[in-house]
Amino acid sequence: MEATNGTNNMQLFSYEQVYKVDFDAATGTKIAVVVLMVVFFVYINCIMLFALKSKSTFHESPRYILFGHMLFNDSVLLLVTAVMYGMSLALLHVAKALCLLLVLISSCTFQNAPLTLALMSLERYVAICFPLRHAAIATQKSTAIAIGIIWFLSSLNFVTDIIYEFIIDPNHLVKITFCTREKLFVTKWQADKAQGFDILYFVSVLLIIIFTYISIIVAARSVSSNKDSAHKAHRTVLLHLFQLGLCLTSFLYSTIERMLYMMTGSSSSLFIHLRYLNFLIVLILPRCLSPLIYGLRDDAVRPLFRYYFCYATRKVKPASNGV
């Protein structure tokens with residue numbers, strides 16, 4: 001046990017050393033790039049949310065309620081992740097209460113993304129395979145309950161860590177710390193548990209999406225009168241599978257970072273640059289692209305998005321037809 005604690009402490013010490021870099025022009029440029037990228041794509045997401053809010057039909061459709069939830073969730077994740085990354089580069093130490101809140105939000109929104117994709121695939125599955133029961137099953141109330149369940153599932157892992165920390169250290173909130181998840185929870189079983197939750201969620205979502213994909217293909221072949229709708233749903237679920245692949249890259253972020261640290265060894269400067277590219281390409285970029293790809297592909301959302309995005313020039317008019 002002492003050897004394990006010693007290894008964990010050495011790893012945390014090593015990570016803290018590579019964080020300790022001079023705040024020079026290059027560091028400022030890195031933060032600026034992250035902030036500008038996050039602000040731009042959050043702005044895009046907000047336009048899409050405003051477009052969804054502009055029509056009452058979107059409020060009543062579970063499909064678009066889930067899409068709106070995905071936009072909101074990814075926007076919050078991008079903002080919180082950018083704040084935490086900026087804090088790490090600035091070597092800012094904060095109270096553990098604030099750090100716990102930030103990590104809790106980032107952890108929940110991180111897990112919510114694949115779970116939301118699973119719900120969206122199930123909604124399309126019900127719409128195609130059980131069209132007569134779709135209106136009764138996929139209601140606004142059931143969609144809200146499903147969203148609440150995925151928030152509960154996504155918070156389960158981190159909440160157990162918080163409860164454990166309070167049990168072993170009642171004064172946990174008042175301490176000052178360098179805000180990373182590794183600094184909050186240092187025991188091996190917590191890291192293993194977090195990895196187990198990641199694997200469980202990803203495998204479960206993968207199985208759900210594959211099941212709905214195959215079921216919709218079978219439905220499309222057996223029901224000739226509904227082939228067009230089934231074909232659209234088939235493409236939508238295939239898109240969910242692609243989005244799940246983007247989520248997978250985010251799940252690999254910590255593993256890639258550990259591998260980079262092991263390969264670079266004592267070259268902390270190289271690790272800093274590689275860690276930044278890993279953060280930008282593996283963690284941030286997929287969260288930016290996923291809602292954008294889904295929204296611009298949708299025939300009902302795309303005209304409204306173009307209208308509100310180009311609102312100042314008034315070159316694009318909103319579509320007059322309904323969803």
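The single residue among L207, L117 that is open to solvent by less than 30 Å² (accessible area, probe 1.4 Å) and closer than 21 Å to R235 by Cα turns out to be L117.
Let me spell it out: the conditions are (1) at pLDDT below 85; (2) closer than 24 Å to S88 by Cα; (3) out of contact with any Lys or Arg (no Cβ under 7 Å at 6 or more places or on another chain), and F166 meets all of them except one. Which number is the exception? F166 satisfies all of (1) at pLDDT below 85; (2) closer than 24 Å to S88 by Cα; (3) out of contact with any Lys or Arg (no Cβ under 7 Å at 6 or more places or on another chain) except (2). Of the numbered criteria (1) in contact with a Gly (Cβ under 7 Å, 6 or more places away or on another chain); (2) at pLDDT below 85; (3) crowded, with 22+ Cβ neighbours inside 10 Å, the one T57 fails is (3). Being of a type in the set (G, A, S), surrounded by 12 or more Cβ atoms within 10 Å (Cβ to Cβ) and closer than 21 Å to C99 by Cα, is that true of even one residue in segment 133-143? For segment 133-143, residues of a type in the set (G, A, S), surrounded by 12 or more Cβ atoms within 10 Å (Cβ to Cβ) and closer than 21 Å to C99 by Cα: absent.
Here I105 qualifies as of a type in the set (V, I, T), open to solvent by 20 Å² or more (accessible area, probe 1.4 Å) and under 26 Å from K30 (Cα atoms).
Look at (1) surrounded by 12 or more Cβ atoms within 10 Å (Cβ to Cβ); (2) at pLDDT below 85; (3) over 23 Å from A95 (Cα atoms) and you find that L173 fails only one, number (3).
The values are calculated or read from the model by the stated rules, or taken from the named source; none is laboratory data. All figures in this text were calculated on a predicted structure; none of them were measured in a lab. Glycine also receives a Cβ, built like all others from the backbone with ideal geometry; neighbour counts cover every protein chain displayed. Keep in mind that these areas ignore ligands, DNA and RNA; they rest on the heavy atoms of the full protein, side chains included. Shrake-Rupley method; radii C 1.70, N 1.55, O 1.52, S 1.80 Å.
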